[in-house]
């Protein structure tokens with residue numbers, strides 16, 4: 001079970017931007033039920049990262065962001081991070097910390113209330129879940145970008161928040177690790193009854209692993225719902241400016257085939 | 001619209017029985033670091049003894065140990081040499097080195113810059129300006145001892161410069177880059193002001209200013225040592241309170257912020273502490289470069305960046321470097337004690353380059 005009580009996620013009339021430039025206006029999302037893995041997709045600079053940062057409290061936003069009965073928007077950051085685990089798009093720096101220290105320090109810096117044994121147990125658990133035991137005592141400066149991305153993910157997952165916000169968690173990973181990460185995240189989301197929003201460029205990964213897709217475009221939500229309902233040629237045209245098809249592969253997943261970019 | 005997971009396909013929870021011996025492996029890893037810290041401590045103690053034993057008049061290690069336990073066992077002149085000259089210089093070297101090493105380590109972490117140190121960000125230059133103002137314009141009340149007056153001027157300017165950098169960079173967004181940029185700008189402005197004061201100073205004052213700038217341990221007295229020790233005793237435990245947040249900060253500001261670490265507040269707090277440490281260190285001994293830069297690099301190579309080990313390690317490494325420099329300042333030119341600031345720069349630069357190149361080769 002997660003460390004703190006969650007509940008469905010609901011965004012009401014949320015607006016967020018940079019300075020005077022609005023990025024997303026009057027957004028309504030949800031309710032997203034606990035146990036859901038939800039992909040946030042859309043073209044470049046459409047506001048995927050901005051949305052996740054706004055929910056995490058790292059970008060000022062107006063409107064209501066509720067998790068169960070809790071109004072996240074009114075929660076001070078120190079309390080908000082108990083409920084929300086946000087993974088930044090940037091990779092952890094290649095420092096001389098070893099992975100075990102990076103994960104432990106991230107956890108202990110904000111959870112002084114847990115015993116050292118409890119911290120150890122949770123860190124071991126997350127290294128095992130992500131298949132990272134072999135890297136635990138290696139310095140981040142001696143790791144590849146993909147390995148550091150995994151350490152960043154471990155730093156977030158170790159906290160077991162009821163709401164996970166992962167910004168491009170697979171951008172630096174090879175095919176095997178992409179599958180590994182998405183399977184692990186899906187397992188945790190369901191096992192812990194958490195909600196996970198994942199900003200992702202690879203639409204086919206999103207369709208295959210996620211329970212629902214939120215498509216952003218034009219400063220708002222273009223479509224949201226079950227992957228097979230949402231992803232249509234018309235949506236591909238509106239969201240990405242491409243001509244494409246949505247077909248079913250032999251195993252039954254919907255697959256997006258992009259045919260050509262429409263002229264801008 | 002409602003979004004929900006598919007109940008039927010729910011996977012079992014991640015297994016919690018994952019006792020893999022990882023924490024046992026890590027415990028062994030930690031034991032090595034503790035051992036390195038202990039070795040470093042012993043080496044600092046040995047260097048301190050060697051520093052006390054080094055000088056023009058001969059005092060054997062036996063004399064020193066006897067004199068430490070029972071001062072009356074020594075002749076009067078030997079006791080004076082030991083207690084009023086050798087011990088204060090050696091103690092000041094260790095304390096100032098530790099303060100500069102710790103200050104440099106904390107600065108490098110909160111500014112995310114391995115080249116940050118009290119020297120490169122204007123603390124030393126500001127102390128120099130403060131000392132010059134007091135020496136040349138004689139602005140302090142007559143009852144204040146000249147020695148402490150100069151130190152007070154240096155201290156006030158050093159703390160003031162850090163506050164100014166913090167204040168300015170807060171106005172412009174308080175990112176790491178703005179702090180470093182203002183720090184570098186500050187070094188140039190302060191150096192220019194020092195030059196201006198030297199230009200108008202009379203010959204006597206000019207000589208004092210130049211000598212102050214060289215950085216020397218020969219100004220050490222027990223009163224000053226008590227002050228530096230007090231500041232260090234205050235700051236080191238305060239630093240150790242933030243070790244987890246500081247360690248987490250090494251992964252990057254974005255990440256630290258998302259864990260709930262108040263990065264800006266932490267940086268301000270650490271910079272204030274660092275300015276106190278560095279100002280207390282340089283105000284009594286003058287400009288001593290490179291210790292604040294080299295100490296943290298040695299600690300990082302030997303101990304990694306878990307700040308539970310890195311911070312005390314940087315303090316010990318700084319203490320060792322300045323203690324060794326103090327010995328070198330006495331033996332390089334027989335019969336003469338060179339200003340230690342000259343030695344740290346001359347010995348420090350090749351040492352620093354060697355460290356950087358070793359790190360490069362590793363990476």
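Computed values, structure above
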{"read-out": "Whole-angstrom gap from region A:145-218 to region A:5-45, using each part's C-alpha centre", "value": "16"}
{"read-out": "Shielding of A:90-99 by partner chains, average beta-carbon count, 10 Å", "value": "6"}
{"read-out": "Among beta bridges that DSSP assigns inside chain A, antiparallel share in %, nearest 5", "value": "60"}
{"read-out": "Cβ neighbours within 10 Å from other chains - mean over A:106-114", "value": "5"}
{"read-out": "Inter-part distance where region B:199-214 and region B:240-308 are each reduced to a Cα centre, Å", "value": "33"}
{"read-out": "Modelled label reach - residue A:180, point 7 Å along Cα→Cβ, region B:252-276 residues with backbone N closer than 15 Å", "value": "none"}
{"read-out": "Mean Cβ count within 10 Å, highest first, over the residues of peptides B:199-206, B:122-129, B:241-248", "value": "B:122-129, B:241-248, B:199-206"}
{"read-out": "Mean separation of Cα contacts under 8 Å, 6 or more apart, over the residue count of chain A: relative contact order %", "value": "25"}
{"read-out": "By average C-beta atoms within 10 angstrom, highest first, the peptides B:151-158, B:266-273", "value": "B:151-158, B:266-273"}
{"read-out": "Chain B - mean residue ellipticity at 222 nm from DSSP helices (-39,500 (n - 2.57) per run, n ≥ 4, rounded to 500)", "value": "-24500 deg cm²/dmol"}
{"read-out": "Most to least packed among A:149-159, A:187-197 [average Cβ atoms within 10 Å]", "value": "A:149-159, A:187-197"}
{"read-out": "Relative contact order computed over chain B (Cα-Cα under 8 Å; 6+ residues apart), in percent", "value": "29"}
{"read-out": "Sequence-separation-based contact order of region B:50-114, relative, with Cα cut under 8 Å and 6+ spacing, percent", "value": "27"}
{"read-out": "For A:152-161, mean number of other protein chain Cβ atoms within 10 Å", "value": "2"}
{"read-out": "Choice from B:302, B:229, B:185 showing the highest fluctuation, given a GNM over chain B with Cα pairs closer than 10 Å", "value": "B:185"}
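Values quoted throughout were computed directly from the atomic coordinates according to the rules given, and no laboratory measurement underlies them. If you're wondering where the values come from, they're calculated on a predicted model, not measured in any experiment. A quick note on method: Cβ atoms are made from the backbone with ideal geometry, for glycine too, and the neighbour counts reach across all protein chains shown.
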